[in-house]
Amino acid sequence: MAGKPKVLIIFYTRYGNTARMAEAEAEGAREAGADVVIRRIADDVPREIIAKNPDWLKIAEDLEKRYPPAAIEQLVKEMPEHDAIIFGSPRGLVTCLRK
């Protein structure tokens with residue numbers, strides 16, 4: 001591997017907790033000398049549902065500004081360009097996937 005390692009961090013978050021973990025992972029990778037790209041998978045909850053909860057709406061709007069959602073197809077195209085890929089998801093999502 002020539003030059004700095006390239007790390008791709010892909011995460012899904014609903015309330016921002018997994019985003020904070022992705023940011024910490026990115027900080028550590030950068031401190032170790034890597035070039036880091038962070039991508040967020042879009043929330044699958046309709047906006048009208050999110051809007052019913054002002055706190056959730058504020059979090060969703062903040063996440064969209066910091067990490068515009070990426071289409072799955074785009075993420076798949078980006079993966080081969082990186083030396084390492086880190087996936088982040090809420091614990092509940094992992095529990096559902098195991099069943």
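The values are calculated or read from the model by the stated rules, or taken from the named source; none is laboratory data. It should be emphasised that the depicted structure is a prediction, and the values quoted were computed from it without experimental measurement. Note that each Cβ is placed from the backbone with ideal geometry, even for glycine, and that neighbours are counted across all protein chains shown.
Quick look at the numbers
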quantity: ALA22 modelled with pLDDT of 95 or more, touching a strand residue (DSSP E or B) at 6+ places or on another chain (Cβ under 6 Å) and under 16 Å from LYS4 (Cα atoms); calculated: no
quantity: Sole residue being part of a strand (DSSP E or B) and either without any contact (Cβ under 8 Å) to a residue 60 or more places away in the chain or not aromatic (Phe, Trp, Tyr) (or both), chosen from VAL45, VAL7; calculated: VAL7
quantity: Residue match in the range 64-75 (condition: surrounded by 14 or more Cβ atoms within 10 Å (Cβ to Cβ) and closer than 18 Å to ARG91 by Cβ); calculated: no
quantity: Odd one out for ALA34, checked against (1) surrounded by 11 or more Cβ atoms within 10 Å (Cβ to Cβ); (2) at pLDDT below 95; calculated: (2)
quantity: In the range 65-89, the residues that are in a helix (DSSP H, G or I) and within 12 Å of TYR12 (Cα to Cα); calculated: ILE72
